[in-house]
1. Based on DSSP H runs of at least 4 residues, each adding -39500 (n - 2.57), what is the mean residue ellipticity at 222 nm of chain A after dividing by all its residues, to the nearest 500 deg cm²/dmol?
2. For the protein assembly as shown, what proportion of DSSP beta bridges, expressed in % and rounded to the nearest 5, is antiparallel?
3. Students often get this wrong, so check it: of A:Lys171/A:Lys206; A:Lys571/A:Lys604; A:Lys272/B:Lys67; A:Lys380/A:Lys656; A:Lys603/B:Lys128; A:Lys493/A:Lys606, which have C-alpha atoms separated by over 26 Å?
4. I'd like to verify something in chain A: which complete DSSP H helices, judged by Cα projection on the helix axis, reach 30 Å or more and average at least -1.0 on the Kyte-Doolittle scale?
5. With charges set only on the Cβ (+1 for Lys and Arg, -1 for Asp and Glu), what does the dipole of the protein assembly as shown come to about its Cα centre, in debye to the nearest 20?
6. At 7 Å along Cα-to-Cβ for each site, give me the label-to-label distance between A:Lys247 and B:Gln21 in nm.
7. Say a paramagnetic label sat at a point 7 Å from the Cα of A:Ser341, along Cα to Cβ; which residues of the stretch A:472-516 have their backbone N under 19 Å from it?
8. Antiparallel DSSP bridges in the stretch B:3-78: what percent, to the nearest 5?
Amino acid sequence: MKEELDLDPEFDLALALELERYELFADPRYNFTFNRRQFLKVFTGGIALLVPMSNLLAQQEQGESGRGRMDQRVPNDIGAWIYFDEKGEIAVYTGKVELGQNIRTSLAQVVAEELHVPVQMIRMVMADTDLTPFDMGTFGSRSIPFMAPQLRKAAAAARETLMALAAEQLKVAPADLRIVNARFVNGDASKSLSFREVTQGRKLVKEIPADVAITPVKDWTIAGQSVPKVGARDFVTGVHSYTSDLKRAGMLLGRVVRPPALNSTLVSADTKAAEAIRGVNIVRDGDFIGLAAPDPQVLARAEKAIAVHWKTPAQPGAAQLFEQLKRESSPSRGGGRPVGSIADGMAAADKKLSQSYTVAYIAHAPLEPRAAVAEWNNNKLTVWTGTQRPFGVRSELAEAFHIPETHVRVIVPDTGSGYGGKHTGECAIEAARLARASGKPVKLVWTREEEFTWAYFRPAGVIEVSSGVKNDGTVTAWEFHNYNSGASAIQSKYAFPNQNIQFHSSKSPLRQGSYRGLAATANHFAREVHMDELAQLVGMDAVEFRLKNTQDQRLKAVLEAAAKSFGWGAKRQPGRGAGIACGFEKGSYIATAAEVSVDPKTKKVKLERIVASFECGAIVNPVHLHNQVEGAVVQAIGGALFETIDFQNGQILTAKFSRYRVPRFSDMAPIEIVLLDRKDLPSAGAGETPIVGLAPAVSSAIFEATGQRLRALPLVPTLS
Amino acid sequence: MANITSLNVNGRKLPVNVDSQTSLLTVLRDFLSFMGTKYGCGESQCGACTVLVDGQMTRSCTMPVGKVASKQITTIEGLEKDGKLHPLQEAFIEADAMQCGYCTSGMIMAGVALLKKNPKPSRAEIVKHMDRNMCRCGTYLRIVKAIEIASGTSKEVRK
């Protein structure tokens, strides 16, 4: 994994390893009975275990210009490539997934920039394990910092190669050529060639030279512009086909019979009556019971006809959660080496403060639930599914069915969002199991209740902070312990002279995993609320206090920009309050200011306005960056004010939108986004970091409005 | 239980044979292949399944098809006329009022229903009407802007 080696020094180890992506390390949910007969079918009878040459590679070898080579058995050999076919069409192959972050557009832009052609000429081929090179997954804000530079280099190298070929054909010096309107044109415009005229009849595969020069950001004309979303028309006309919209010939619809609670085991099942219904296929394999039928009416009838008994153990509920997370925690699983001495720092302090903060489990609730269409063809499996990790899901499928990865193809249609919630392949495996038993393609779409119950959650956590501060506002000691929620952004850009920061893993009663920003939200919440409390303790302004405790110029810049746009320090109406918070994660900086009003009787919190200032280096697409930052802020409103998973005895009590409150139109306040464009810095990702600032800012705003210091997410003022 | 034998969708009478209690959403998607209308929750909470029934905003996931069998149903596929998008569809593109796009069909249908009965809605009226439509990507402010663009109450375009 080459991209791992290119980590910017700003990125810490936690980013590289992302330990808290628990779902990636969990045991597989299913382990189906090993089927020797099928296994032998795969491995004997003259079946070559090589992936057949894909069309792409075959065409490349037949003779095109381009670069790259493909070997799926050594999948991380090459990260992406650009392919020019003999018709002069340009296609970019990347394993990245489009789920609303508009990476399809941004990556096309950086390639178009280097090739000096319009964005419309670039076709992005994404997230198909047979066609695109290996990619770890679309998470961790990695596409722009890691994938975009690779594609820029590939495109620049391709341009130089094509230029040289065109020059040869035209008998001019390469330096005399430019690309104008997708043609290679010489200095006096007397000679020109199209892309097709250069690529036709060629047979050339090249690798990017290490020293290829890319266009400096200041010279960008296509990248850096607000190019509209690629394929936008298909989304507004309903034409775009998500996984859940796909149909295959003879396809059945699937359902999984779920137990009434988590961690249940199957006692008995009577499926005879259901099996008697025409067209219905029932699968029983271990604790898995599923069915497939040709239409939803038959499916529903068959499901009703199945009688199942499950055994569910007693399990702790939400009421005991935080106590349990602390009790079951490990001494430490990372966070960083202590700096200085906490004892010395405390001794030097004028005032001390110890507080505890909590964050609830929350759900991603992507509007498109998990969905998969699975189809078997001579022991080869193709699955269309909305996942952020197509190659990871391919491995899961290969493992579940005891077949080589070369016999599994995972294709990800542009997906109805994920937010870190679609890393795993449960639904794909279930659909594939049903399809294998039925001998027909099967589509399985999880219900909203299934999505809320059988996926995974953002980890809940307890964070304890003890600190010391001088009356002049200098923080002298900082002890920070995060129990269970994770280590992301547990370190900060504050210059605390004495600090001890630790993450303690714990035993989570619910299945937990990645979520947009991971624990950066929890750690920023605890840190920034605590900073606010310290500022209050020494009677200092919240912005001034933060500026005093950091030397990081980029952090200062976003904080000052947010404060300025917000009008920080202006007098507020009675019953209102304002708060501000700032932070850094995954190469980008955020500061968020919020003003709230709190109803004196009901204590209902209303957001009055929000300012978020964000800096992620050089901006690739301003409108989509704006949209992304705004979306993160809006999503943050849910975690800050309402979202919480309630559970008892393995039952998720909030498994519907009518019981799980997410942000709506009426929750919106005016949101001002201030984007700082640093053309001198490499572009970082933007999908996650803007989510972290809102909750602490709102907590501080509620404090100013009511005097209540809320240290638990979601923030709910008490009535008394 | 009685079955229904046809449904009027986007100006065409289509044969279908389903139990009248089946949800309109299921009939549209699984029997008639109008896949632009989405499933999001099954309890009229998210609006992804919004269609028009005789011009009225309707959540198809909880609407028994028997109740609308004789009515005119319009789905997202029925908005485009002679290759020309509905002004609200154009406005969604202009305002970049989507990210993943999964809520977009329902948002546009809800917005079209609003503009039919109230061609110049105020911002408060837009919010009230649209409040049962969910966008998990958080593009609400852009959707409000798109409706304002389509209604002519906004001249400024978000960039």
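1. Details: 20 runs with 200 residues, N = 720.
So the helix-based figure for chain A works out to -8000 deg cm²/dmol.
2. Numbers: 93 of 122 bridges.
Of the beta bridges lying entirely in the protein assembly as shown, close to 75 percent run antiparallel.
3. On the way: A:Lys171/A:Lys206 23 Å; A:Lys571/A:Lys604 22 Å; A:Lys272/B:Lys67 35 Å; A:Lys380/A:Lys656 36 Å; A:Lys603/B:Lys128 22 Å; A:Lys493/A:Lys606 31 Å.
Among A:Lys171/A:Lys206; A:Lys571/A:Lys604; A:Lys272/B:Lys67; A:Lys380/A:Lys656; A:Lys603/B:Lys128; A:Lys493/A:Lys606, the Cα-Cα distance tops 26 Å for A:Lys272/B:Lys67; A:Lys380/A:Lys656; A:Lys493/A:Lys606.
4. Values: long enough: A:148-170 (32 Å, 0.18).
Counting only whole DSSP H runs, the qualifying helices are A:148-170.
5. Numbers: 105 positive and 92 negative charges, 429 e Å.
Here the protein assembly as shown has a charge dipole of around 2060 debye.
6. Distance between the two pseudo-spin positions: 2.6 nm.
7. A:475-480, A:496-501
8. Values: 13 of 15 bridges.
Of the beta bridges lying entirely in the stretch B:3-78, close to 85 percent run antiparallel.
Just so you know, all these numbers are worked out from the coordinates, no wet-lab data involved. Predicted model only: the values in this text are computed from it and were never measured. Because the Cβ atoms are built from the backbone with ideal geometry, glycine has one as well, and the counts that use them run over all protein chains shown.
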